[in-house]
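Here's the structure we're looking at; comments come further down.
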Amino acid sequence: MLDVNPSIPADYPEIGAWLLSLARSHAKREDSRIEAQLEANGPREGRSYGLRLALGARTAPPPGSPPLELEFREVVEGRTRFAWCLAFGERVQTVARGLVAAGPGAS
């Protein structure tokens, strides 16, 4: 467990839940049907997260492409900084807009 500051303990699952919630809230600003998917198991566990957005059967980044990658330490340190959260939110919204613009039938 890492201490971001003395009053906010942070472990890998907790940070993952926070990251998923933040990604979901920003993605849904573009389309309320978009869901965020967090990859946190296997070789990533305890080290990093992979993030994808899904709208129906479509995902972004698409299957076969690497997800948005975020190192655990980067997220732990970033979550207490407004500028990091803002940049992450803008990144998620950009991916979400592309997913919506791809329209039905796109992969």
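For the reader, a short list of remarks on this structure follows.
- Degrees separating the helix 82-102 axis from the principal Cα axis of the chain, which is the longest one: 20 degrees
- Across all directions, the average projected area of the convex hull around the alpha carbons of region 2-102 is 6.3 nm².
- Between Arg47 and Arg97, the simple spin-label model (points 7 angstrom out along Cα→Cβ) gives 3.4 nm.
- Most mobile listed residue (Arg52, Arg73, Arg81) in the chain, GNM with C-alpha springs under 10 Å: Arg81
- The GNM of the chain, with springs linking C-alpha atoms under 10 angstrom apart, assigns the highest mean-square fluctuation among Arg33, Arg79, Arg58 to Arg33.
- For region 2-102, the relative contact order is 28 percent, taking Cα pairs closer than 8 Å that sit 6 or more residues apart in sequence and dividing their mean separation by the residue count.
- Net charge dipole size for region 2-102 [Lys, Arg +1 and Asp, Glu -1 on Cβ; Debye, nearest 20]: 380 debye
- The length gained on full extension between Trp84 and Asp31, counted as 0.36 nm times the residue separation minus their Cα-Cα distance, comes to 16.8 nm.
- Largest mean-square fluctuation among Pro43, Pro66, Pro13, in a Gaussian network model of the chain whose springs join Cα atoms under 10 Å apart, belongs to Pro43.
- Residue among Thr59, Asn41, Phe88 farthest towards the positive dipole end of region 2-102, charges placed on Cβ: Thr59
- Value at 222 nm in deg cm²/dmol, rounded to 500, when DSSP H runs of n ≥ 4 in the chain each add -39,500 (n - 2.57): -13500 deg cm²/dmol
- With Cα atoms, 0 to 90° folded angle of helix 12-27 axis to the chain main axis: 40 degrees
- With a simple spin-label model that places each label point 7 Å from the Cα along the Cα-to-Cβ direction, the separation between Ser65 and Arg24 comes to 2.4 nm.
Quick note: the coordinates plus some simple rules give every number you see, no bench work behind them. None of these values were measured; they are calculated from a predicted model. A quick note on method: Cβ atoms are made from the backbone with ideal geometry, for glycine too, and the neighbour counts reach across all protein chains shown.
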